[in-house]
Amino acid sequence: MKSTETKSPLFVFLAILLLSLIWGSSFILVKKSLVGYSAMQVGALRIFSATVFFIPFFWQRRKHIAPEQWKSLLWAGLTGNMLPALLFSLAGQHLSSALSGMLNAFTPLFALIIGILFFAQKFIVKQTLGILIGLIGCIGLLVSGKGFQIDFNVHALWVVLATLLYGINMHIVKTKLSGLHPLTSTSGIFMMIGPVALGIMAFSGFFSVPMDSEHLWPLLAGIGLGLLGSALGMLLFNQIIKWTTAVIASSVTYLIPIVAVGWGFFDGEAIYFSQIMFMLVLLAGIYVVNKSKM
């Protein structure tokens, strides 16, 4: 649905660029936060920080949520935020942030596949080619190593699982929560998973970690993940959809891996030519799928 509020093409482009910088930077923030905290602690800190951010919005909008929608809010929170946050943190212990960012681009293809298989989404034959190209790119990223050698890292499957959950989440939000204002549904989602995140923080020993100079930057990186990636990023994405369309807003998918690779390069990570090549193949698959919708 397109909003009556219009913005110039340049303004929309800058907003999409800003969103790609926010979401593309989340992978390096995971890496930096893992320096001082465990994967469980980083994922939970990310979600709880976003929950605190959304408390005032939820307090104003809670009356717009019907009783039967709370269950859907919980499932949307688990599949779109809580579990992916933990999975990306687990992957970040063993993968470069650049590779995590590249694999994240598989999300829209999973959303399409799940929609066709389980949500009666209309299938367009021309989309088959895009799906196949995307699968080749994703598999290539999973096994590509230096000099085109096969170097499969099983921990990359955590990211693939996270993108699968993202795909499921998109359809839960579309079919169960589309009647809610985006700010209402988003704040409600975090209110449902915030207590879960707080519980994980407590049981994982987060509050026993010393608050010293060694843990200051990892702590700020984790909080930044929540405030920027999980809170402000979602709000900006919803606003871009209001200004334009979901198709235009989804173009951020093409820019996020580029930002992630850029951060990985400046942080001294090993980035192989084969990975860049297969990332471009994956993005080409997404482009073919999107073009077939037009």
**Message:** Checking the structure you have, find out if any residue of the stretch 165-172 is of a type outside the set (Ser, Thr, Tyr) and open to solvent by less than 10 Å² (accessible area, probe 1.4 Å).
**Reply:** yes
**Request:** Just give me the residues in the stretch 37-68 being in a helix (DSSP H, G or I) and β-branched (Val, Ile, Thr), in sequence order.
**Result:** VAL42, ILE47, THR51, VAL52, ILE55
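Restrict the check to the stretch 154-168 and report whether at least one residue is outside any helix (DSSP H, G or I) and closer than 30 Å to MET277 by Cα.
Within the stretch 154-168, the subset outside any helix (DSSP H, G or I) is 154-155.
Within this subset, residues satisfying the condition of being closer than 30 Å to MET277 by Cα are 154-155.
Yes, the stretch 154-168 contains a residue that is outside any helix (DSSP H, G or I) and closer than 30 Å to MET277 by Cα.
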**Asked** Taking the stretch 118-136, which residues are in contact with a Ser or Thr (Cβ under 8 Å, 6 or more places away or on another chain) and surrounded by fewer than 13 Cβ atoms within 10 Å (Cβ to Cβ)?
**Response** LYS126
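Can VAL247 be described as at pLDDT 90 or above and either more than 20 Å from VAL30 (Cα to Cα) or in a helix (DSSP H, G or I) (or both)?
no
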**Prompt:** For ILE65, all conditions in the list (1) open to solvent by 20 Å² or more (accessible area, probe 1.4 Å); (2) of a type in the set (A, V, I, L, M, F, W, C); (3) touching a residue at least 40 places away in the same chain (Cβ under 8 Å) hold save one; what is the number of the exception?
**Reply:** (1)
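Residue by residue, here is whether (1) part of a helix (DSSP H, G or I); (2) out of contact with any Gly (no Cβ under 6 Å at 6 or more places or on another chain); (3) open to solvent by 20 Å² or more (accessible area, probe 1.4 Å); (4) among the small types (Gly, Ala, Ser) holds:
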site	(1), (2), (3), (4)
ILE256	yes, no, no, no
VAL261	yes, yes, yes, no
GLY268	no, yes, yes, yes
PHE278	yes, no, yes, no
TYR287	yes, yes, yes, no
SER292	yes, yes, no, yes
**Item:** Breaking point among (1) in contact (Cβ under 8 Å) with a residue 24 or more places away in the chain; (2) within 30 Å of MET191 (Cα to Cα); (3) basic (Lys, Arg), for LYS126
**Value:** (2)
**Request:** Please give the number of the condition LEU21 fails out of (1) of a type in the set (A, V, I, L, M, F, W, C); (2) modelled with pLDDT of 95 or more; (3) open to solvent by 40 Å² or more (accessible area, probe 1.4 Å); (4) more than 22 Å from ILE276 (Cβ to Cβ).
**Result:** (4)
**Complete:** Across the stretch 172-222, the tally of residues that are on the phi < 0 side of the Ramachandran plot and assigned to a loop (DSSP other than H, G, I, E, B) stands at 10
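The values are calculated or read from the model by the stated rules, or taken from the named source; none is laboratory data. In this text, all values refer to a predicted model and were calculated from it rather than measured experimentally. Backbone-built Cβ (ideal geometry, glycine too); neighbour counts: all protein chains shown. The area values use the complete protein model at the heavy-atom level, side chains included, leaving out ligands, DNA and RNA. Shrake-Rupley method; radii C 1.70, N 1.55, O 1.52, S 1.80 Å.
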